[in-house]
1. Look at segment 118-133 and say how many of its residues are over 21 Å from residue 337 (Cβ atoms) and either open to solvent by 30 Å² or more (accessible area, probe 1.4 Å) or β-branched (Val, Ile, Thr) (or both).
2. Working only within segment 332-361, note down all residues that are more than 18 Å from the chain's Cα centre (by Cα), under 15 Å from residue 276 (Cβ atoms) and part of a strand (DSSP E or B).
3. So which of 126, 150, 101 ends up being within 25 Å of residue 411 (Cα to Cα) and under 20 Å from the mean Cα position of the chain (by Cα)?
4. Any chance you could count how many residues in segment 416-453 are open to solvent by less than 10 Å² (accessible area, probe 1.4 Å), part of a strand (DSSP E or B) and among the aliphatic types (A, V, I, L, M)?
5. Output the number of the condition that residue 63 fails; it satisfies all remaining conditions of (1) open to solvent by less than 20 Å² (accessible area, probe 1.4 Å); (2) modelled with pLDDT under 95.
6. Anything in segment 374-415 that is of a type in the set (A, V, I, L, M, F, W, C) and in a strand (DSSP E or B)? List them, or say none.
7. Looking for something small (Gly, Ala, Ser), open to solvent by 40 Å² or more (accessible area, probe 1.4 Å) and at pLDDT 95 or above - is there at least one such residue anywhere in segment 185-203?
8. Out of the residues in segment 149-168 that are open to solvent by less than 40 Å² (accessible area, probe 1.4 Å), aliphatic (A, V, I, L, M) and touching a residue at least 12 places away in the same chain (Cβ under 8 Å), state the one that is nearest to residue 217 (Cα to Cα).
Amino acid sequence: MRRVALLLLFAMCLTARAQRERALFDSLHYRVEMQATLSNGEHNPLWLSANRYGLSSLKTTNGYLRAALARPLQHDSLRRWGIGYALDVAVPVGFTSHFVLQQAYAEVRWLKGVLTVGSKEWPMELKNPLLSSGSQTFGINARPIPQVRLALADYWTVPYTKKWLALKGHIAYGLQTDTRWQRDFTRCESKYVEHALYHSKAAYLRIGPKNITLELGLEMACQFGGTTYIDNGSIVYNNSSNLKAFVHALIPGGTDTGEAGPTGVYENTSGNHVGSWVGRLRFDYPSWGVAFYFDHYFEDHSSMFLLDYDGYGSGANWNEKERFNFFMYDLKDNMLGLDLHLKRLPWLEHIVVEYLHTKYQSGPVYHDHSQHVGTHIAGRDEYYNHSKQTGWQHWGMVMGNPLYLSPLYNDDTGVIAVKNNRFVAWHFGVSGRPLRGLSYRLLMTNQKGYGTYLSLYPDPRYDFSLMVEAEYRFQPSSLLRGWVVKAAYGMDHGRLYGNNSGVQLTIAKHGILKTMKRRSDETKKR
């Protein structure tokens, strides 16, 4: 954390030196927001708490007061370089902490390359941010992780391709900030990890002209390092966090601390590696547009490539690769989606339909080849969970799609694990703008959960979740310009999240701060 703070300070010093003119501190965007949620049932309804960058709570009574000040990089869009920064804090009630530093970052852009240091809310790629159930790897469900991130943030057109090929992507290293919460939640009785490190990377390729495009991407991440405590602290693993560990997070390799097997054959790759193959085919026309997209999640080579080597010898040669033979896994686990944009029908502007299947996980069998049985099958992938790390979560909320049951729901057991990662779900989203300044969105999800391979539910658990939300933005000509009022109703019905219902009210004021000199200039012009 000290290194991140030093890098943040260094970036801010570069900011001050690079741009001394008053524009650096002029026209700052501000937002003040207050939210209150009241619910009945076991928890706050799913869609009143999910996909809010972790600034939410499962408690039936919760709320916050939030204030943010930011200078977006877009202010320097006409320059070859750009400077941006933000500070975003919240004082909550009924949350996992009493103070939330939601965002605090500084960033520098040169041409299309951007260096960001600190905590920032990163939106989903290739999906509708308001209507989708969420990406499976880089979702918007958990609090941001402070990190150093180098990105080609916008698509860069490859020269000499007549604008048919474009690339973008990022690479980042960071540190999880939920150590104290993990100790409190588990009461130090079950597995928790102190000061876990974080790594992410992604690359996207866009093919095609402007109105018909195909985008393909690979998203990967890793949790590594830190100290793991298991079984009331009687078992302690000091996970590697040296230079090799950073390399093995970037390029999967090494072994987990404490792994053991015959001659080291069964050792796992160091860290908790996760990822997705993603893609989107989009058609864009003046009156309508439609996008078809997919998100195939994986945690190891069996689900990443759907192949596993299975040509080992027998007897004394049981660990020798003697034959060109592979075991092929089925392509069953996928997120498939459709996003329809009706540009001339504002009251029904967007329609999103998604289907998610995560039951397979490379099959129910895991068997390492041995002297007696040569077949090698790497099933039971156990999505979002891990033996040494606390799984793909931050502050109790999964960092991917919220239909995977977040550990925060385990408040009765204090176990940091995803207890429902095998499910089938249909998700629907609708949004529109029926009147000037008034918008709405509707989310509906039907889910059938099976638990996990290691802990199956005796019977499948069904759930239906709903949210209806309306937002009104006062017009610039109004005396209340800059004010936003938002009201929502949510409910769950079933055995996954419980029977819950609740209402949520949000009031916000946003605008641009102006310096005294700029105000004086505007007065003179009048």
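1. As a first pass, look at segment 118-133 and keep what is over 21 Å from residue 337 (Cβ atoms): 118-121.
If we keep only those that are either open to solvent by 30 Å² or more (accessible area, probe 1.4 Å) or β-branched (Val, Ile, Thr) (or both) as well, we get 120-121.
Qualifying residue count, segment 118-133: 2.
2. Residue satisfying the conditions is 357 alone.
3. On the way: 126 fails: within 25 Å of residue 411 (Cα to Cα); 150 fails: within 25 Å of residue 411 (Cα to Cα).
Of the residues listed, the single one that is within 25 Å of residue 411 (Cα to Cα) and under 20 Å from the mean Cα position of the chain (by Cα) is 101.
4. Total meeting the criteria: 2.
5. Exception for residue 63: condition (2).
6. Of the residues in segment 374-415, the ones of a type in the set (A, V, I, L, M, F, W, C) are 377-378, 392, 395, 397-399, 403, 405, 408, 415.
Those that are of a type in the set (A, V, I, L, M, F, W, C) and in a strand (DSSP E or B): 377, 378, 397, 398.
7. Kept after step one, since they are small (Gly, Ala, Ser), are these residues of segment 185-203: 190, 196, 200, 202-203.
Then keep just the ones that are open to solvent by 40 Å² or more (accessible area, probe 1.4 Å); that gives 203.
Then keep just the ones that are at pLDDT 95 or above; that gives 203.
Yes, segment 185-203 has at least one match.
8. Here is the first cut: in segment 149-168, the residues open to solvent by less than 40 Å² (accessible area, probe 1.4 Å) are 149, 151, 155, 158, 161, 166, 168.
Subset that is aliphatic (A, V, I, L, M): 151, 158, 166.
Remaining after also requiring touching a residue at least 12 places away in the same chain (Cβ under 8 Å): 151, 166.
Details: 151: 15, 166: 12 Å.
The selected residue is 166.
The values are calculated or read from the model by the stated rules, or taken from the named source; none is laboratory data. Keep in mind that this is a model prediction, so the values were computed, not measured. Reconstructed Cβ throughout: ideal geometry from the backbone, glycine too, with neighbour counts over all protein chains shown. In case anyone asks, the SASA skips ligands and DNA or RNA and just uses the protein heavy atoms, side chains included. Shrake-Rupley method; radii C 1.70, N 1.55, O 1.52, S 1.80 Å.
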